[in-house]
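Notes follow the structure.
The values are calculated or read from the model by the stated rules, or taken from the named source; none is laboratory data. All figures in this text were calculated on a predicted structure; none of them were measured in a lab. Cβ coordinates were reconstructed from backbone atoms using ideal geometry, including for glycine residues, and neighbour counts include every protein chain displayed. Protein only, heavy atoms only, side chains kept; ligands, DNA and RNA dropped before computing areas. Shrake-Rupley method; radii C 1.70, N 1.55, O 1.52, S 1.80 Å.
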Amino acid sequence: MVTPSDRVWFLGWVTLCFQLTACDPELASSTPDADPTPERVPVQDEGGSPAGGDSSALSARDSGASIPKDSGDPLLGLAACPTDVSTPIYSTMPMKVEDFHVFRPLGFITHPTWVLPTYHSNFAVAAVGQTIAEQKPVVFPAAGRVTQIRRVYFTSSGQTGYQVDFRPCQKFLTYFNHLKKISDRLDTELKKVLNESTDCVTKLVSGNDTITTCNKDIQIDVLEGELIGYSGDSAGVDFGAIDERLPAPAHVIPSHYNGYRNYVSPIPYFKSTVRTEFEKKLGSVFDFSVKRTATPVEGAYVQDVAGTAQGNWFSAGRFATNPDNGGHMALVHDYIAYDDEPIMSIGSTALTGIKGIVGIRKPVATSGTVNRDWKQITSNGLMHCFDAFTSTTMPSRGPRSTGGLGLVDPKGIILMQMTDATHLKAEWRSATTCAADTSTLQFTAAATLFER
């Protein structure tokens, strides 16, 4: 069975490769090092010294030794996480500050992969559509244990990519995705235990193109500052985290997100000096000069506001974990401008006549029923209408949000009404402007009924 994480991980690679032209057909070869000594990269810590400083609190797993496959519980011997979730877990920046342009906040949207806001961030190592001559090293931000390595191979480009999951403590999972190469040590350990017959699955993508995905649970203790691998020539490196100490994310109907975990931004889990450096780099992956200053500065992927239209909506039972995200719709805000800029992310089959990301022109109305912000639309029975859409452009890239998200021109109007606290009806219509009195407007059979 294809899990939500499988779908997202696979589509993430497809989007980066084909939509953003971020895959390099040339793949650097990787030759296992005969010496299994952990590789270290001199990333600076808060005192200006090479990474991998004092990690005595986690010394039980600092030997860098592999744990036998048959050792049982993968968390055995791993340090417990601090009870206080505000206690820093990470100490070292995973990439040198000069090796990436911006760190993307949570809440990014890109069709067709992410109709709903993304729950992980990304190191942007190159401008979209550009390549860099040198792949950049990525290191572990803390001592911990690698628990899974995922490898993907595309026959069409001959490219291989990796995801590495590791835990700095028992109830905190960290992952790095879109690595073009993993360290010699990790590669050697993976080859020792990977069974190509049972751990790998090949699927047909289109035509004769296939993708082979290998997942391997593994146990490798690693050091703070030890090399994980290298970025690609264009695609950024995803950096995500899951804090299992926290309650479920605050979606209006949590059961519609079965399979979602407690995704968090990794930024608040760094010691203060490193966190400050991260916050300075939060910005648009399309225009590196545009920074995020909204609160929370690290971004937000859960934007549901109960009793209002703001947040995620699903058509005909196609909830968040459904592999077909075409029926999803998100009434949220730009990942950079946030509350100042409403956007409407419409899945490929959610509304008849329109799909993609629609921006509501700023400033939004503060009264009435035309061009209001999502959180001002409630289940009071009023019909709302939208006819003022963002037309701001970026050079050679067409209409864009403040954060650079590609926007579509609806070439019409959009009607919307909350029928109760957890249901919303919407319809695209071919018209030029909204009627001054929206109470005269009626839905047709083309309207879609969404639920939380």
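Report whether or not PRO363 is surrounded by 23 or more Cβ atoms within 10 Å (Cβ to Cβ) and either aromatic (Phe, Trp, Tyr) or farther than 15 Å from LEU116 by Cβ (or both). The answer is no for PRO363.
Just so you know, in region 153-164 the residues that are open to solvent by less than 20 Å² (accessible area, probe 1.4 Å) and more than 14 Å from GLY232 (Cα to Cα) include one that is nearest to the chain's Cα centre (by Cα), and it is VAL164. Kindly check whether there is at least one residue in region 124-146 that is charged (D, E, K, R), touching a helix residue (DSSP H, G or I) at 6+ places or on another chain (Cβ under 7 Å) and in a strand (DSSP E or B). Within region 124-146 (the criterion being charged (D, E, K, R), touching a helix residue (DSSP H, G or I) at 6+ places or on another chain (Cβ under 7 Å) and in a strand (DSSP E or B)), the answer is yes, since at least one residue qualifies.
Would you say THR273 is touching a strand residue (DSSP E or B) at 6+ places or on another chain (Cβ under 9 Å), polar (S, T, N, Q), under 27 Å from ASP165 (Cβ atoms) and touching a residue at least 12 places away in the same chain (Cβ under 8 Å)? Taking the combined requirement at face value, the residue does not satisfy it. One residue alone among GLY229, GLY240 is closer than 30 Å to ARG452 by Cα and at pLDDT 95 or above, and that residue is GLY240. Only one entry of ALA143, ALA127 meets the criterion of being among the small types (Gly, Ala, Ser), in contact with a Lys or Arg (Cβ under 8 Å, 6 or more places away or on another chain) and closer than 26 Å to VAL97 by Cα, and that entry is ALA143. Summed over region 296-316, residues that are over 23 Å from SER265 (Cα atoms) and not in a strand (DSSP E or B) total 3.
So, in region 181-205, of the ones that are loosely packed, with under 13 Cβ neighbours inside 10 Å and of a type in the set (D, E, K, R), which residue ends up farthest from ASP217 (Cα to Cα)? Checked region 181-205; the qualifying residue farthest from ASP217 (Cα to Cα) is LYS203.
Per the conditions (1) crowded, with 23+ Cβ neighbours inside 10 Å; (2) in contact with a Leu (Cβ under 9 Å, 6 or more places away or on another chain); (3) not small (Gly, Ala, Ser), the sole criterion not satisfied by THR293 is (1). Filtered by the rule that a residue be among the small types (Gly, Ala, Ser) and either modelled with pLDDT of 95 or more or open to solvent by less than 40 Å² (accessible area, probe 1.4 Å) (or both), region 380-399 gives ALA388, GLY398. Taken together, the criteria exclude SER284 from residues that are under 21 Å from PHE123 (Cα atoms), touching a residue at least 40 places away in the same chain (Cβ under 8 Å) and either among the charged types (D, E, K, R) or surrounded by fewer than 20 Cβ atoms within 10 Å (Cβ to Cβ) (or both).
Residues of region 244-272 that are open to solvent by less than 10 Å² (accessible area, probe 1.4 Å) and touching a helix residue (DSSP H, G or I) at 6+ places or on another chain (Cβ under 8 Å): ILE267, PHE270. Restricting attention to region 305-321, the residues that are open to solvent by 10 Å² or more (accessible area, probe 1.4 Å) and within 17 Å of the chain's Cα centre (by Cα) add up to 1. Can you work out which of the residues in region 131-152 that are within 18 Å of LYS281 (Cβ to Cβ) and open to solvent by 10 Å² or more (accessible area, probe 1.4 Å) is farthest from the chain's Cα centre (by Cα)? Among those residues, the one meeting the criterion is ILE132. If the condition is being open to solvent by 10 Å² or more (accessible area, probe 1.4 Å), assigned to a strand (DSSP E or B) and not aromatic (Phe, Trp, Tyr), then region 330-350 contributes ASP339, ASP340, SER348, THR349. Residue pairs whose Cβ atoms lie under 6 Å apart, separated by 6 or more positions or on different chains, with the first residue in region 235-259 and under 29 Å from ALA309 (Cβ atoms) and the second of a type in the set (Phe, Trp, Tyr) and assigned to a loop (DSSP other than H, G, I, E, B), are HIS256/PHE319.
Within region 60-86, residues that are open to solvent by 80 Å² or more (accessible area, probe 1.4 Å) reach partners that are at pLDDT 65 or above and aliphatic (A, V, I, L, M) with beta carbons closer than 9 Å, at six or more positions or on different chains, in the pairs ALA60/LEU78; ALA60/ALA79; SER63/LEU223; LYS69/VAL193; LYS69/ILE218. Condition first: polar (S, T, N, Q), closer than 20 Å to VAL115 by Cβ and modelled with pLDDT of 95 or more. Can you find one or more residues in region 407-419 that meet it? No, region 407-419 contains no residue that is polar (S, T, N, Q), closer than 20 Å to VAL115 by Cβ and modelled with pLDDT of 95 or more. What do you reckon, is LEU282 within 17 Å of the chain's Cα centre (by Cα) and not charged (D, E, K, R)? For LEU282, the condition - within 17 Å of the chain's Cα centre (by Cα) and not charged (D, E, K, R) - is met. Being open to solvent by 20 Å² or more (accessible area, probe 1.4 Å), touching a Ser or Thr at 6+ places or on another chain (Cβ under 6 Å), among the small types (Gly, Ala, Ser) and within 21 Å of PHE166 (Cα to Cα) is the requirement here; does GLY229 meet it? So GLY229 fails the test. Which one is nearest to ASP287 (Cα to Cα), of the residues in region 400-447 that are open to solvent by 70 Å² or more (accessible area, probe 1.4 Å) and of a type in the set (A, V, I, L, M)? Filtering first and then ranking leaves ALA436.
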